[in-house]
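To start, the structure under review is shown below, and the notes come after it.
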Amino acid sequence: MATYIMSDIHGCYDKFTQMLKKINFTKDDKLIINGDIFDRGKDPIKILDYVVSNNNILFIPGNHEYMFLEFYINGNAKSWFYNGGYVTYNQICERGQEYADSLYNWISRLDLVYVYGKFIITHAGLYLPENQNNYTIEQIIDMQDTDYVLWSRSQIGNERRYKDYTIINGHTPTAYIDPSQKEMSIIKRNGTIYTDCGAVFDGGRLACLRLDDMKEFYV
């Protein structure tokens with residue numbers, strides 16, 4: 001049994017299934033997907049269907065899933081479409097209002113912060129106060145703001161370790177974090193790991209990290 005994490009698949013179903021074959025993912029393994037199944041790529045709902053049908057896959061929503069929630073509430077799709085949501089929108093509409101209702105209910109109940117052993121996993125960032133080590137992990141989680149964990153990039157370049165935990169984020173393609181990269185790869189900095197390697201973009205790759213031994217996989 002092994003535990004893996006990936007993020008920012010963005011509708012790239014073919015890369016996703018190739019990765020599952022590459023890591024030889026079985027029902028005895030665990031996969032954590034750290035946000036952004038939706039948008040930009042061509043098959044977001046196919047990935048979602050796979051996730052929902054496998055109880056050994058845990059999904060943490062990203063900002064793109066929350067753009068769907070905002071659209072569902074207020075009917076304004078401008079921001080969502082601007083960020084590549086048109087394909088996801090069409091595929092949800094094809095399944096009808098009942099499906100959209102159930103999808104909203106499912107996503108809105110998911111946790112935005114997940115602690116797995118000594119890993120703290122959020123899509124974009126984890127807010128840490130200046131004296132972070134004076135707080136328990138439960139107190140740190142209670143401090144989190146929805147916008148921060150979904151959208152923040154303020155910690156990039158200012159990473160701070162929290163006790164003996166490692167923070168894992170997606171959201172920001174690693175080429176933006178380290179422009180010197182020849183190929184987009186997972187970045188590890190001072191207790192933080194960044195896993196978004198731009199799968200949906202030209203020159204990008206889907207990254208997967210095995211948490212048991214920190215081995216990296218790419219498609």
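The values are calculated or read from the model by the stated rules, or taken from the named source; none is laboratory data. Keep in mind that this is a model prediction, so the values were computed, not measured. Counting neighbours? That spans all protein chains shown, and the Cβs are built from the backbone with ideal geometry, glycine included. To get the accessible areas, we keep the full protein, side chains included, count just its heavy atoms, and leave off ligands, DNA and RNA. Shrake-Rupley method; radii C 1.70, N 1.55, O 1.52, S 1.80 Å.
Less than 5 angstrom separates the built amide H of Lys30 from those of Ala2, Thr3, Tyr4, all sequence-distant by 5 or more or on a different chain.
Using the heavy atoms of the protein chains and a 1.4 angstrom probe, tell me the accessible area per residue for the chain in square angstrom. Spell out each step's value before the answer.
Values: 10440 Å² over 219 residues.
Per residue, the chain has 48 Å² of solvent-accessible surface.
Evaluate segment 81-187: find the radius of gyration of its Cα atoms, find its Kirkwood radius, and give the ratio Rg to Rh.
Numbers: Rg = 17.0 Å, Rh = 16.2 Å.
My calculation of the ratio gives 1.05.
Compactness of the chain is given as radius of gyration and Dmax, 16.7, 50 Å, from Cα positions.
What Kirkwood hydrodynamic radius, in Å, does segment 1-112 give when the mean of 1/r is taken over all pairs of distinct Cα atoms and then inverted? Spell out each step's value before the answer.
Numbers: mean 1/r = 0.0700 Å⁻¹.
Computed over Cα pairs of segment 1-112, the Kirkwood hydrodynamic radius comes out at 14.3 Å.
Highest GNM mean-square fluctuation among Pro129, Pro44, Pro61, for the chain modelled with Cα contacts below 10 Å: Pro129. Identify the GluC sites (Glu not before Pro) of segment 114-159 meeting these criteria: DSSP loop state and at most 15 other C-beta atoms within 10 Å of the C-beta. The qualifying sites are Glu130. Carbon-plus-sulfur accessible fraction, the chain (probe radius 1.4 Å, protein heavy atoms only): 47%.
Each listed q (0.19 Å⁻¹) maps to a log10 I(q)/I(0) for segment 1-63, found by the Debye formula over equal Cα scatterers with no solvent: -0.64.
For the peptides 26-34, 64-72, 50-58, the ranking by packing is 64-72, 26-34, 50-58, with the highest mean count of neighbouring Cβ atoms within 10 Å listed first. Near Tyr72: Cβ cut-off under 12 Å, other residues only, Lys/Arg at +1 and Asp/Glu at -1. The net charge is -3. Summing +1 for each Lys or Arg and -1 for each Asp or Glu among the other residues whose beta-carbon sits under 12 angstrom from that of Tyr127 gives -3.
Kirkwood hydrodynamic radius of segment 30-79, from the reciprocal of the average inverse Cα-Cα distance over all distinct pairs: 11.7 Å. Over all other residues within a Cβ to Cβ distance under 13 Å of Lys42, the charged ones net out to 0, with Lys and Arg as +1 and Asp and Glu as -1.
Please report, in debye to the nearest 20, how large the charge dipole of segment 67-141 is about its Cα centre when each Lys and Arg carries +1 at its beta carbon and each Asp and Glu carries -1 there. Intermediate results must be reported in sequence, preceding the final value.
On the way: 4 positive and 7 negative charges, 27 e Å.
Dipole magnitude for segment 67-141 comes out near 120 debye.
Ordering of 80-86, 7-13 by packing is 7-13, 80-86, highest average first (other Cβ atoms within 10 Å, averaged per residue). For segment 144-219, list log₁₀ I(q)/I(0) at each q in 0.16 Å⁻¹, using the Debye formula over Cα point scatterers of equal strength and ignoring solvent, two decimals each. Evaluating at q = 0.16 Å⁻¹ gives log10 I(q)/I(0) of -0.60.
The alpha-carbon atoms of segment 63-125, seen along their principal axes, cover 41, 25, 19 angstrom, with the largest extent given first.
For every helix of n ≥ 4 consecutive DSSP H residues, a contribution of -39,500 (n - 2.57) applies; sum these over the chain, divide by its total residues, and give [θ] at 222 nm rounded to the nearest 500 deg cm²/dmol.
Details: 9 runs with 74 residues, N = 219.
Dividing the helical sum by the residues of the chain leaves -9000 deg cm²/dmol.
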